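Taking it in order: structure first as structure tokens, then the write-up.
The values are calculated or read from the model by the stated rules, or taken from the named source; none is laboratory data. As the structure is a prediction and not an experimental result, all values here were calculated from the model. All Cβ positions, even for glycine, are placed from backbone atoms using ideal geometry, and neighbour counts span all protein chains on display. All accessible areas refer to the heavy atoms of the entire protein, side chains included, with ligands and DNA or RNA removed. Shrake-Rupley method; radii C 1.70, N 1.55, O 1.52, S 1.80 Å.
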Amino acid sequence: MTQDELKQAVARAAIEYVPAGEIIGVGTGSTANFFIDELGKIKGRVKGAVASSEATAARLKSHGIPVLDLNEVESMSVYIDGADEINPQGDMIKGGGAALTREKIVASVADRFVCIADGSKLVDVLGAFPLPVEVIPMAQAAVARKLKTFGGEPRLRVKDGKPVITDNGCMIIDLVGLKIAKPAELEAQINNIPGVVTVGLFAQRGADIALLGTAEGVKKLSF
Ligand code: 5RP
């Protein structure tokens, strides 16, 4: 199976976690896109969705799924999203698609985080995937110097020769070359640097369930 077929398989499996008549939170990225396409097939089941990015909002709307402002939503039973890495404890690195801040916000309002990913995302130790950190533009250089003290190499994320700008008007620094032994501690330390909006470590609020696509089928991990 290709990586896309594995992502499609977990996207289909995640439909089981969509509660009838409720509002759900929806993540960002290629796996989340497959999930949105599956959700489109049963769109009458949900009342609506809160999107974690402008791209996700546009895709939900293209399927006729109502998109709600988070300020109008008090609670959600489930948030469904992909990950760049997930460890056996359910801690994740996210933000490969630069949507980490809104993803973390929407996830924080949901009772359960269902992570959907192809099996290659499961790792023993987080950090082979560069750790995204969203920063206020004026603080970019200062934050990069502080991030160096954690042992990795900070790199400003650039696309087509220009810094990537997030939906929040901020920049992304990717911290390359970490081996993250204590994800929740590192999450707190990086979040505490002035100028950091969000670090893409999801450990203080990790996944509750992971659906991982493998050649042998979809494997479910509960945390
Ligand atoms: C976006 C994310 C994505 O969930 C993560 O990058 C995984 O993406 P994909 O499903 O395309 O592999 O955190 O900010």
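A compact table of results
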read-out	value
Matching helices (runs of 4 or more DSSP H) fully within the range 1-111 where at least 1 residues are without any contact (Cβ under 8 Å) to a residue 24 or more places away in the chain, of a type outside the set (Asp, Glu) and open to solvent by less than 40 Å² (accessible area, probe 1.4 Å)	54-62
Selection from the range 49-95 of residues that are away from the ligand (no atom under 16 Å from the Cβ) and on the phi > 0 side of the Ramachandran plot	GLY64
Set VAL158, VAL133, VAL199, VAL125: member being under 26 Å from GLN89 (Cβ atoms), surrounded by fewer than 20 Cβ atoms within 10 Å (Cβ to Cβ) and either hydroxyl-bearing (Ser, Thr, Tyr) or modelled with pLDDT of 95 or more (or both)	VAL125
Answer residue from the range 136-155, given it is open to solvent by 30 Å² or more (accessible area, probe 1.4 Å) and small (Gly, Ala, Ser) and is modelled with the lowest pLDDT among those	GLY151
Subset of the range 96-115 (residues that are within 8 Å of the ligand (Cβ to nearest atom) and under 19 Å from GLN3 (Cα atoms))	GLY96, GLY97
Top-ranked residue in the range 29-52 [being of a type in the set (Gly, Ala, Ser) and under 14 Å from the mean Cα position of the chain (by Cα); ranked as farthest from PHE113 (Cα to Cα)]	SER30
Residue among VAL26, VAL10 that is in contact with a helix residue (DSSP H, G or I) (Cβ under 6 Å, 6 or more places away or on another chain) and either farther than 16 Å from LEU211 by Cα or more than 9 Å from the ligand (Cβ to nearest atom) (or both)	VAL26
ILE172, sole failed condition from (1) away from the ligand (no atom under 13 Å from the Cβ); (2) farther than 25 Å from ALA11 by Cα	(1)
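For every residue, the table says whether it meets (1) of a type in the set (D, E, K, R); (2) closer than 22 Å to GLY27 by Cα.
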| site | (1), (2) |
| --- | --- |
| ARG145 | yes, no |
| GLY152 | no, no |
| GLY161 | no, no |
| VAL164 | no, yes |
| MET171 | no, yes |
| ASP174 | yes, yes |
| ASN191 | no, yes |
| LEU201 | no, yes |
| THR214 | no, yes |
